[in-house]
Structure formats: C-alpha cells, structure tokens
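Structure, as structure tokens:
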Amino acid sequence: MNFFELVNKRQSDRGYIDKSVSRDDIKKIIECARVAPSACNSQPWTFVVVDDKDICEKIAKSVYDPLIGINKFALTAPVFIVIVAEKRNLTSGIGGIVKGVDYTSIDIGIASEHICLAATELGLGTCMMGWFKEKHIKEALNIPKGKEIKLVISLGYVQNEKNRKKVRKNINEILKFNSY
C-alpha cells in the first residue's frame, strides 16, 4: 500500500482477537518510533512494551474505567506500549521555555503516530489512550515516581478489520493559502 492508502487505513481500533503479536513485529514498530523526528533531536521518550498476559491485564484495568465506560476494549488487547516522557536535551528545553511550548508532548505525538502507522502497515491495529490511572501503571511497570506517562497505545490484531468512514471537517474549512 502507498502512504496515502496507509494514512486512510489507520484508525483507532477498539477490539482485538486473542492472538499474540510477534516481538519481531513489535521491534519493527518501535524502530519506526525511534527514528521519528524530535525537537533538537532530544528524543524525550522511553517505550515500555507490555506483552506479558498478567501485566497486560493490570494495564488494561488501569486504562479501562467502568464508572464512565471508557476504554473497555483495552481488556482484549494483547500488547500495550506505554510511553514515558524523558528529559529533553538542553537546546530543546531552553527553546520550550522561551517559546512556552511543550515540545516533549509534540515529539511523543509524532513518535506515537509513527507507531500507529507502522502497526497498520503490518496488519495490526492500535488505539492511543490518554485516559489511564498513571499511579497503577507506574507500579505495575516499575516506572520511577518522577517520570510521567504521556500515552498508552493498545496493539493487536483487530476484531473487526473493516475500516470506519472517517468523519472529518471539509478541507475548505481547515486549509488557507497565504493568509488566514
């Protein structure tokens, strides 16, 4: 598939079949995140891959909130990628302070989309989740207290391979040439 097909095929998948993902495929996916661009090449991330069933169950329970019914599909995910923010390099840190911009979150967003696109290319599904019980995940994965988890991405073979219609704003609403 070409890049434009890949971008249109990538979606947030919310349901997985009971099939493990090979570590070779996981390494290919993380390699795509590793080479993602970041502000001043700071690479402010660590990717903690969870593929152990018992630990996956703990992570799933940390992203699923039965009170509001969010992320229930995570209970079926065979793999999670927990993205931990790391210190930026000096140049990126100074630039962020001067500009008032959180470059770490931007950089992690770019790397996360590389993960999702690579997974799609390999026939896998993903869903980025920002709703989770950070303390529980940190305990389950031995992440130091001073670190911040920015995202959790579920990964696996999707239950329903049919792509949903993308509902987006019309291009004329979001595109301007040479002036706002």
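The values are calculated or read from the model by the stated rules, or taken from the named source; none is laboratory data. What you see is a predicted model, and the numbers here were worked out from it, not measured in a lab. As a convention, Cβ positions derive from the backbone with ideal geometry for all residues, glycine included, and neighbour counts pool all protein chains shown. Only protein heavy atoms, including side chains, enter the accessible area calculation; ligands, DNA and RNA are left aside. Shrake-Rupley method; radii C 1.70, N 1.55, O 1.52, S 1.80 Å.
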* Surface accessible to a 1.4 Å probe, per residue, for the residues of region 35-180, Å² -> 60
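Between GLN11 and ASN170, what FRET efficiency follows from the Cβ-Cβ distance if R0 is 25 Å, with the result rounded to 0.05?
Approximately 0.80, to the nearest 0.05.
Which translational diffusion coefficient, to the nearest whole µm²/s, is obtained for region 124-180 from the Stokes-Einstein equation, given a Kirkwood hydrodynamic radius over C-alpha pairs, 37 °C and 0.692 mPa s? Mind showing how you got there, number by number?
Numbers: Rh = 15.4 Å.
My calculation gives 213 µm²/s for D.
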* Asked: Only one of the listed values, (i) 50; (ii) 18; (iii) 29, was derived from the coordinates as percent of Cα pairs over 28 Å apart; which label is it?
  -> (iii)
* To do: Can you run the Rg to Rh ratio on region 1-97? Use alpha carbon positions and the Kirkwood inverse-distance Rh.
  => 1.04
